[in-house]
1. Given (1) among the charged types (D, E, K, R); (2) under 21 Å from the mean Cα position of the chain (by Cα); (3) farther than 19 Å from I99 by Cα, identify the lone condition not met by R190.
2. Restricting attention to region 240-267, which residues are within 25 Å of S354 (Cβ to Cβ) and touching a residue at least 12 places away in the same chain (Cβ under 8 Å)?
3. Take residues that are closer than 30 Å to W162 by Cβ and under 18 Å from the mean Cα position of the chain (by Cα) and tell me which of the helices (runs of 4 or more DSSP H) falling wholly in region 382-489 contain 2 or more.
4. Give all pairs with beta carbons closer than 7 Å in which a residue from region 370-381 that is without any contact (Cβ under 8 Å) to a residue 40 or more places away in the chain and buried (at least 16 other Cβ atoms within 10 Å of the Cβ) meets a residue that is assigned to a helix (DSSP H, G or I) and charged (D, E, K, R); count only pairs at least 6 apart in sequence or on separate chains.
5. Give L355, L327 a once-over and let me know the one that is under 18 Å from the mean Cα position of the chain (by Cα) and in contact (Cβ under 8 Å) with a residue 24 or more places away in the chain.
6. Consider I74 carefully, then state whether it is part of a loop (DSSP other than H, G, I, E, B) and under 18 Å from A8 (Cβ atoms).
7. Taking region 201-229 as the search range and keeping residues that are of a type in the set (S, T, Y) and in a loop (DSSP other than H, G, I, E, B), which one is surrounded by the fewest Cβ atoms within 10 Å (Cβ to Cβ)?
8. Collect the residues in region 16-32 that are in a loop (DSSP other than H, G, I, E, B) and either under 13 Å from L482 (Cβ atoms) or without any contact (Cβ under 8 Å) to a residue 12 or more places away in the chain (or both), keeping them in residue-number order.
Amino acid sequence: MIEILPQATTKYSLDYYATDPIFSAPVAELRSDAADVAARLRGRTIWMVNSTARGGGVAEMLPSMIALTNNLGIKVRWAVIHSDRQEFFRLTKRIHNLIHGDTGSGARLGEEDARLYEAVNHENATSFKNELSREDILIIHDPQPLPLGQILTQELGIPAIWRCHIGLDRHCEATKTAWRFLRPYLDGYRHAIFSAPEYIPDYCSGKSTVIHPAIDPLSHKNQELSVTKLTGILCNSGLQAQYEPVVTPNYRNRATMFTDDGSYVVPGELGLLFRPIVLQVSRWDRLKGWGPLLEGFARLKRSTVVSNGSNKIQRKRNRLKLARLVLAGPDPAAVADDPEGLQELRQIQERYESLDAELKRDVAIILLPMSSFKENALIVNAMQRCASVIVQNSLQEGFGLSVTEAMWKRKAVLGTKACGIRQQIRDGIDGILVANPEDPAEIADKLALLLNNPIRCYNMGRSSQRRVYDHFLIFRQISGYLRLLGKIL
């Protein structure tokens, strides 16, 4: 049964953004784009449909995007498909992996897969029909609900757009298998949206548009944090020992850390306020490159030798000696559409357990609570602002909003040459890109370069924030959608 989510709200209205000199220009541009389209959308509802209300970039982008578009007088709602059949989400995860060129969870898609894919979407379409008017517009996100848009287009004549957030900038047998499987379900769609031109399959050329994902700069995950608020969040979430009283109460569900005995406990003290922190926050997904990052950090620590020398040399040694790696992600049980998350987390735990005792003290595997979207976002915000280096070691990446978030916070980012990350980071200008995310030696070298060059990191941070302002803020993303709707209507 499909779930119709409550009307999305945002903390601030467009009027509030417009009064800020930082955001006044992009807001004015957005309002200009909306003026022409709003009249033609009067009486219609735009439905955003995806497969989860929390966890992952799509679920994070939609609330602000929906709320601010409603702010323009354009009605937008959000619906999420559901199924109790776990084999459906295993199938869509397999499609996701194949699109990224990965055959780890199976390289074939057959008639039985198609029957399952269609059956779950038919069930959701049947429960969704009564909510729809023929004048409405569907924007279907990613492969999971793709057949649903086709079904409703055929039965009700509703125009549908497919928004694909994933892709690969090269063709191989895995990607061809995935795109062959998906092709029949795109019949009837008016248009498709991709995050990069390299992702567009041949049969979508001519009826596709590139719109980059984007962040809300005043959301809980991206807003500025005062020192008092930042330390309060760390204490409330269990990531910092409380040496003094804080204004706010502890969160009901707190962050937990993996321990040597295999359990998870509230850490209490991670050194986030005191030590050089190397941070990666992402889903527990093999394509995020967790294992090579952990091995690269271990290699960096093993190469660190404390010796006498000048103060400058000693500071460099101390930075590497005191550096801590924090690997953070959501509790896998709370992310319904990613059944491989727990398996990947267990593999990371096994790699951690193979480290010697001294190295273990410099690595933390953190599960972030997902019961409160606001608290989860604030925790990630605080952790990112404490980090010296933020990493996104993705083997493949559709876009990577965690990169955008770090860039907005003026952080030096160690990324990879995955297509989605290349869309954002200019190597050596906005961050550093690893050529081979599965090479621990290269990762160790690049981490040392960033940790020991704070002035260069500062300059890259300034450049990266400007790049997000110019290309990856939510106002520009909404403008892209509205321009497209104007053409289609």
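The values are calculated or read from the model by the stated rules, or taken from the named source; none is laboratory data. Remember, it's a predicted structure, so these values are computed and weren't measured experimentally. We place every Cβ from the backbone using ideal geometry, glycine too, and count neighbours over all the protein chains shown.
1. (2) is the only condition that R190 fails.
2. Result: A255, T256, M257, F258, D260, G262, Y264, V266, P267.
3. In region 382-489, 401-408, 419-422, 454-471, 474-488 are the helices (runs of 4 or more DSSP H) which contain 2 or more residues that are closer than 30 Å to W162 by Cβ and under 18 Å from the mean Cα position of the chain (by Cα).
4. none
5. Going through L355, L327 in turn, the sole match is L327.
6. Considered against the rule, which asks whether it is part of a loop (DSSP other than H, G, I, E, B) and under 18 Å from A8 (Cβ atoms), I74 comes out as yes.
7. S226
8. Passing the criteria: T19, D20, P21.
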